[in-house]
1. Write out the GluC sites (Glu not before Pro) in region 39-121 meeting two conditions: DSSP loop, and at most 12 other Cβ atoms within 10 Å of their Cβ.
2. Which ordering of Met1, Met106, Met120, Met115 is given by a fewest-first count of other beta-carbon atoms within 10 Å?
3. Once label points are set 7 Å from the Cα along Cα→Cβ at both Leu97 and Glu13, what is their separation, rounded to one decimal in nm?
4. For Phe73 and Lys2, what is the calculated FRET efficiency with R₀ set at 30 Å and r taken between the beta-carbons, to the nearest 0.05?
5. Using the number of other C-beta atoms within 10 angstrom as an exposure proxy, rank Arg109, Arg96 with the fewest first.
6. Run the numbers on the chain and let me know its relative contact order in percent, using alpha-carbon pairs under 8 Å that are six or more apart.
7. Rank these for me by crowding, Phe128, Phe110, going from fewest to most other beta carbons within 10 Å.
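Bear in mind these aren't lab numbers, they're just calculated from the coordinates by the rules spelled out. Quick caveat, the model's predicted, so the values are computed rather than measured. Every residue, glycine as well, gets a Cβ built from its backbone with ideal geometry; the counts of neighbours run over all protein chains shown.
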Amino acid sequence: MKVAVGNDHAGYEIKLVVLEWLKEQGYEIKNFGTDSPDSVDYPDFVHPVADAVEDGEFDLGVLVCGSGQGVSFTANKHQGIRAALCWIPEIAELARLHNNANILCMPGRFIDREMAIAIMEKFFSTSFEGGRHQNRIDKVPVKYPKP
């Protein structure tokens, strides 16, 4: 499996954990993120990850910023992306099981190494359940029409 990884400065430390864990699991990885804690703009690193997943070059993605919100908002602007902000393993499991999330977003300032690993273990070991959940995903329009 191929995994695209991205981060901003606030996600740098957890990104290092992500890369190490993914490598240990045998995933093929591409690091699209910054390799420094120096301030950067997260969209510059999110769009390449989202493009790579959306285009099918990578199976899944992982994004990390301070709160996880910015990377999630930005990734979800892409048509084929279902980015999920996950701060505990149970949310990561449900994001895959019910929502078929294809990008994991984590809050680098609010989780530690052990939590990041626990979240990734759930996200990467859970498959989409389909069924009634597929119907719900299919109802999400690319662009929601204004009333």
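1. Values: sites: Glu54, Glu57, Glu90, Glu93, Glu114, Glu121; in loops: Glu57.
Filter output for region 39-121: Glu57.
2. Details: Met1 12, Met106 30, Met120 22, Met115 18.
Ascending Cβ contact count within 10 Å gives the list Met1, Met115, Met120, Met106.
3. Between Leu97 and Glu13, the label points sit 3.1 nm apart.
4. Numbers: r = 24 Å, r/R0 = 0.80.
That pair, Phe73 with Lys2, gives E of 0.80.
5. Least crowded to most crowded, the residues run Arg109, Arg96.
6. Working: 296 pairs, mean separation 35.0, N = 147.
The value is 24 percent.
7. Values: Phe128 17, Phe110 12.
Ranking Phe128, Phe110 by Cβ neighbours within 10 Å, fewest first, gives Phe110, Phe128.
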